[in-house]
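Read through the structure below, which is laid out as structure tokens, and then see the notes.
The numbers here are math on the coordinates, done by the rules we state, and not lab data. Note that the structure is predicted; figures quoted are calculated from it, not measured. Here the Cβ positions follow ideal geometry from the backbone for every residue, glycine too, while neighbour counts run over all protein chains shown.
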Amino acid sequence: MIELSVNGQSHELEAPVGRTLAEALRLDLGLTGTKVACGEGHCGACTVQLDGVPILSCITLVHTVGRRQVTTIEGLAEHPLVDAFVRADALQCGFCTPGQIVSAAALVETRPEPTSDEIRHAMSGNLCRCGTYPRIEEAVLSWQG
Amino acid sequence: MARLIRTEKEVEGRYSEQWIVVEEDVLEQWPAGPRGIVGRPARRLDGLERARGQAVYTADFSPPGMLHSAVLRSPHARARVKNLDLTRARTAAGVRGAIGPEDCHVLVREPSFQGAPVAAVAADSAERAKEALELVEIEWEVLEPLLDPDEAVRRESFVDEPRYYTRGDIDRGLAEADVVVEGEYRTQTVLHNAMETHQSVCRWEGDTLEIYTSTQYIWGVRDEVADALALPRDKVRVVCNFMGGGFGAKNSPGDYTFIAVALAGQTGAPVHCALSRREENVASGNRNSTIQRLVAGARADGTLTALSGEYVNAIGWYGFSGPTYGPMEMLYDCENVRTTSYGAKLNSPPNAAFRAPGFVEGTFGLECILDELAAKLDLDPLELRRRNHADHDLVEGRPFSSKNLLDCYEMAEPHWERREAVRARSDDVWKRGVGLASQVWYGGGGPPSYAWIRVGSDGRAAVVTAMQDIGTGTRTVMAQIAAEELGVPLSHVRVELGDSARGPFATLSAGSSTTPSMGPAVRAAAADAKRQIIEIAAQRYELEERVLDIKDGEVISADGGSWPLEEVTGLLGDAQILGKGARGPNPTGMRVLTFGIQVAEVAIDIETGEVRVERIAAIHDVGRIINPLGAQSQVEGGIIQGLGHTLSEERLLDPQTGATLTQTLDSYKLPTIADVPEIVCEFVDKPDEHLTNLGSKGLGEPPIIPTAAAIANAIRDATGAEIHSLPITREEMLRALREAEERRRAREQVGAAQA
């Protein structure tokens with residue numbers, strides 16, 4: 001039995017050895033906003049924050065999380081970035097979008113007014129096959145409305 | 001009135017004759033230009049749901065008791081199963097079912113490409129299922145694979161009949177030419193890599209088979225599954241409310257659906273079958289590689305006299321030959337054209353439609369050789385294209401329903417005129433240049449397609465149709481059309497789609513056909529509902545129907561009266577108005593096509609071969625634009641996929657074994673946000689007056705078509721190097737630069753000798 005703190009709520013769960021954080025979130029806690037698109041840390045779709053730092057939950061073992069606070073897209077539902085993404089049309093199929101927003105939220109937390117270069121640097125680990133990148137850049141540039 | 005017609009139906013350039021029940025399209029088109037809602041930017045109706053991670057994709061759907069599956073796929077490109085024993089796998093902990101070639105028709109004993117499915121298991125968890133695969137006892141006889149497309153042509157190993165096309169007289173055309181250029185062009189195999197992999201959850205509910213699947217065509221999945229399993233079509237229900245991208249690879253049920261169905265049948269439980277990313281990159285379809293041997297001839301004034309192309313499409317074990325020849329036959333006014341097309345059958349994974357299949361590849365070759373011709377003729381490439389503009393369709397001798405390519409050329413001028421300034425920003429290392437390429441594609445859509453609209457007593461409307469929104473934003477476009485016609489705010493319309501049991505037939509989301517097929521049906525349904533509301537209002541207020549209209553949520557009369565819509569619809573109580581609409585036929589005897597041009601600006605590091613695309617301007621002619629915001633996203637997305645195709649993406653096969661070497665997203669290089677240039681997007685935005693009650697064509701595919709050629713032509717402009725092969729890796733770039741340098745030296749030597 002391990003304890004996991006997600007979006008400000010504490011959970012106890014049975015986790016077999018080898019359980020990833022993404023599996024724990026999706027399968028044990030039903031938080032399916034976190035998507036898994038490659039399962040091996042190459043695409044960024046599964047991005048969540050640990051104490052505010054974006055990490056890849058599909059290659060993070062849930063037993064290594066410890067007391068760190070997990071923030072998923074469900075915990076960012078009211079973040080202004082969500083509306084900024086929709087306003088800028090920064091999503092098409094939407095499968096990578098939760099991961100994009102979690103990454104962007106971590107960026108604007110430390111750099112509230114990021115430049116285009118900073119956005120491109122911080123977000124280059126989040127792949128989008130629909131090609132919404134120009135809209136994502138616009139959404140993050142204008143996230144404060 | 002319903003009318004039965006025999007008509008031509010086109011999907012991605014493949015035509016078929018069929019009987020279709022249509023209804024007359026009696027509505028006049030709206031005037032050109034933005035209206036209250038149509039033609040104005042609209043946010044995605046489902047944007048918040050998707051952005052917040054609340055949208056439930058097939059990957060997120062998990063009914064109680066659902067089992068997970070794993071598929072044993074052939075590691076060999078060609079082999080025979082000598083012995084297969086599932087006993088140990090079937091009895092392993094947590095395993096509930098196991099199937100082999102005897103249990104499911106998609107499982108094979110003689111795999112003919114790496115990744116062909118052989119056996120599958122269902123277990124309580126995905127881990128258990130994967131572990132159980134290790135317990136499958138299998139003995140292989142490995143056979144020699146056929147992997148070389150030219151060799152396949154020599155052996156006449158084809159997936160379909162070779163295609164030969166001739167118009168005019170190619171020899172006469174070449175004799176009349178002042179300049180002739182020849183070249184061999186190659187395009188690589190690329191992979192769709194939608195973020196949500198191919199997957200289905202299947203379960204039996206009573207005597208009905210339910211399939212929750214990530215698909216571009218719920219009706220196609222329904223029909224194919226029903227036919228394969230000899231079930232009445234009505235007993236198969238297909239659901240896809242949200243899906244994570246397709247790009248052409250998700251038009252059919254796929255092996256995973258049939259495997260899930262078979263395992264659900266064996267276990268009596270719902271079964272999820274999802275491809276892993278690695279399986280996705282091996283066995284879920286691809287844009288096949290091509291070899292194109294081209295000849296182009298022109299008079300000194302630029303008039304094209306001859307175009308000839310031999311296209312070898314390396315299809316794989318099965319699949320279809322895309323119309324790689326299409327651009328050569330359709331784009332220019334050239335009397336003498338000859339094309340030959342082969343679909344090489346190989347021991348490599350089958351292709352699948354990928355965003356403008358054939359035309360992306362064929363446009364690269366054609367538009368590059370056209371620029372070589374322009375260079376030889378010392379003609380401006382844009383002027384060369386203008387001089388060969390086709391004012392009617394030369395393949396079928398028909399007029400176009402509309403064509404505004406010359407407008408596109410005019411709108412391209414300001415971007416094209418930047419080339420002096422762009423070149424002037426070159427230095428010793430970075431050379432800069434500008435290139436362009438034209439584009440033609442289908443995208444007219446067609447019948448049959450149907451929609452209903454339900455209006456309740458609260459005056460709110462629901463569009464009901466069993467289409468799917470694969471991320472292109474069609475849900476929003478349909479709501480805009482319905483709101484515009486009904487005269488209600490966009491926020492009062494919702495769209496219920498994605499369920500074959502809960503709406504009328506709708507077309508597939510492929511071939512740039514969803515908006516031009518579904519849009520007119522939705523408008524017709526909205527008009528039908530509006531007519532019924534006005535009938536009720538006329539009786540309630542004792543006015544003639546012809547003086548009444550609905551605008552901005554109010555019923556208004558010609559003499560200035562106005563009543564809130566809810567006051568009229570409130571009379572319904574719990575009842576509802578149902579409007580029905582159908583897509584009318586396409587204009588008889590006309591060719592419906594889409595056109596465009598892109599202008600690319602590039603910088604090349606001539607020391608390292610690095611290519612940076614700095615700006616792309618895209619001008620497309622697709623009739624009326626419904627949602628300018630979503631349309632811009634489609635163009636940007638197409639260009640960015642085109643950028644990957646041009647510069648970084650390549651599926652590599654081991655030439656000895658036929659094994660895919662690029663199975664992960666760190667070896668298969670998709671574009672990232674850091675790779676994206678400035679993109680300028682413009683539309684002609686003139687409704688096609690002959691096409692439906694909307695005048696809109698499709699936009700999903702056109703933007704990816706000219707990108708590679710525009711970039712390659714810009715590289716020529718910058719450096720003189722001729723690109724003949726995609727992707728333009730650093731090696732390819734350096735090779736082309738060396739070749740250009742050798743050509744320059746040879747010319748100098750000839751010049752010196754003559755002096």
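Give, in nm to one decimal, the length gained when the segment between B:E607 and B:A93 is fully stretched (0.36 nm per residue of separation minus the Cα-Cα distance).
On the way: separation 514, 0.36 × 514 = 185.04 nm, distance 5.91 nm.
Answer, rounded to one decimal: 179.1 nm.
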* Asked: Which of the aspartates and glutamates could a cross-linker bridge to B:K130, judged by Cα under 17 Å and excluding same-chain residues fewer than eight apart?
  -> A:E23, A:E40, B:D85, B:E279, B:E280
* To do: At q = 0.10, 0.15 Å⁻¹, what is the base-10 log of I(q)/I(0) for the range B:105-211 according to the Debye formula with one equal point scatterer per Cα and no solvent? Please give it to two decimals.
  => -0.66, -1.08
* Could you sort B:365-375, B:151-161 so that the peptide with the highest average Cβ count within 10 Å comes first and the rest follow in order? => B:365-375, B:151-161
* Asked: What ranking, highest mean first, results for peptides B:518-530, B:416-428 when packing means the other Cβ atoms within 10 Å averaged over each residue?
  -> B:518-530, B:416-428
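For chain B, with only Lys/Arg (+1) and Asp/Glu (-1) charged at the beta-carbon, what is the dipole magnitude about the Cα centre, in debye rounded to 20?
Working: 81 positive and 112 negative charges, 188 e Å.
With only Lys, Arg, Asp and Glu charged at Cβ, the dipole is about 900 debye.
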* Structure fact -> Candidate cut points under GluC sites (Glu not before Pro) in the range B:537-568, DSSP loop plus at most 14 other Cβ atoms within 10 Å of their own Cβ, are B:E542, B:E544
* Structure fact -> Cα extents of the range B:1-91 along the principal axes, largest first, in whole Å, come to 69, 44, 28
* What nm distance separates the two modelled labels at B:E678 and B:A300, each placed 7 Å from Cα along Cα→Cβ? -> 4.0
* Under a plain spin-label model, where a point goes 7 Å from the Cα along Cα-to-Cβ, how far apart in nm are B:E742 and B:S457? -> 8.3
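Nearest 500 deg cm²/dmol is fine: what mean residue ellipticity at 222 nm does the protein assembly as shown get from its DSSP H runs of n ≥ 4 alone, each adding -39,500 (n - 2.57), divided by its residue count? Display every interim value, and only then the final one.
Details: 23 runs with 254 residues, N = 900.
Counting only the DSSP helices, I get -8500 deg cm²/dmol.
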* Provide the FRET efficiency to the nearest 0.05 for the B:I20-B:S491 pair, computing r from the beta carbons and using R0 = 30 Å. => 0.30
* Could you give the length gained on full extension between B:S426 and B:A390, defined as 0.36 nm per residue of separation minus the Cα-Cα distance, in nm? -> 9.4 nm
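Within the set A:K35/B:K345; A:K35/B:K250; B:K235/B:K580; B:K82/B:K235, which residue pairs have Cα atoms separated by over 27 Å?
Working: A:K35/B:K345 37 Å; A:K35/B:K250 19 Å; B:K235/B:K580 24 Å; B:K82/B:K235 37 Å.
Too far apart for the 27 Å limit: A:K35/B:K345; B:K82/B:K235.
Order by neighbour count: B:F364, B:F61, B:F354, fewest other Cβ atoms within 10 Å first, most last.
Details: B:F364 33, B:F61 19, B:F354 27.
So the ranking, lowest neighbour count to highest, is B:F61, B:F354, B:F364.
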* Asked: Can you work out the base-10 log of I(q)/I(0) for the range A:2-72 at q = 0.20 1/Å, using the Debye formula on its C-alpha atoms alone?
  -> -0.72
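Convex hull over the alpha-carbon atoms of the range B:217-257: what's its volume per residue in Å³? All intermediate terms of the calculation are to be shown ahead of the outcome.
Values: hull volume 2.8 nm³, N = 41.
Convex hull of Cα atoms, per residue: 68 Å³.
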* To do: Once you have the Kirkwood Rh of the range B:588-721 from its Cα pairs, apply Stokes-Einstein at 4 °C and 1.567 mPa s and quote D in µm²/s.
  => 77
* Where does chain A land on the Kirkwood hydrodynamic radius, alpha-carbon pairs, in angstrom? -> 15.2
* Asked: Considering every residue in B:661-667, what mean count of other chain Cβ atoms within 10 Å of its Cβ is obtained?
  -> 3
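Show me the three semi-axes of the equivalent ellipsoid for the range A:76-141, from the C-alpha gyration tensor (sqrt of 5 times each eigenvalue), largest first, rounded to whole Å. Don't jump to the answer; show the numbers that get you there.
Values: eigenvalues 50, 35, 22 Å².
Each semi-axis is √(5λ); the values are 16, 13, 11 Å.
Counting only other chains, and only Cβ atoms inside 10 Å, what mean value do you get across the residues of B:52-63? Spell out each step's value before the answer.
Numbers: counts 14, 18, 6, 7, 1, 5, 0, 6, 6, 1, 4, 0.
That works out to 6 on average.
Provide a whole-number value for the mean count of partner chain Cβ atoms within 10 Å of the Cβ atoms in peptide A:68-75. Please list the in-between numbers first.
Numbers: counts 0, 0, 0, 0, 1, 4, 3, 0.
Partner-chain Cβ atoms within 10 Å, mean over residues of A:68-75: 1.
Output the peptides B:596-608, B:192-204 sorted from most to least packed, where packing is the average of other Cβ atoms within 10 Å over each peptide's residues.
Working: B:596-608: 23.5, B:192-204: 25.4.
Descending packing order for the listed peptides: B:192-204, B:596-608.
Evaluate the relative contact order of chain B (contact order divided by residue number), counting alpha-carbon pairs under 8 angstrom at least 6 apart; express in whole percent.
Working: 1970 pairs, mean separation 124.1, N = 755.
Value for chain B: 16 percent.
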* Structure fact -> Projecting the Cα atoms of B:C334, B:S348, B:L366 onto the charge dipole of the range B:326-386, where Lys and Arg contribute +1 and Asp and Glu -1 at Cβ, the residue farthest towards the positive end is B:S348
* Å³ per residue enclosed by the Cα convex hull of the protein assembly as shown -> 180
* Assign unit charges at the C-beta atoms only (+1 for Lys and Arg, -1 for Asp and Glu), then state the dipole size of the range B:102-212 relative to its Cα centre in Debye, rounded to the nearest 20. => 300
* **Relative pair counts by distance (%), Cα atoms of chain B, 10 Å bins** => 3, 13, 22, 24, 19, 12, 5, 1, 0, 0
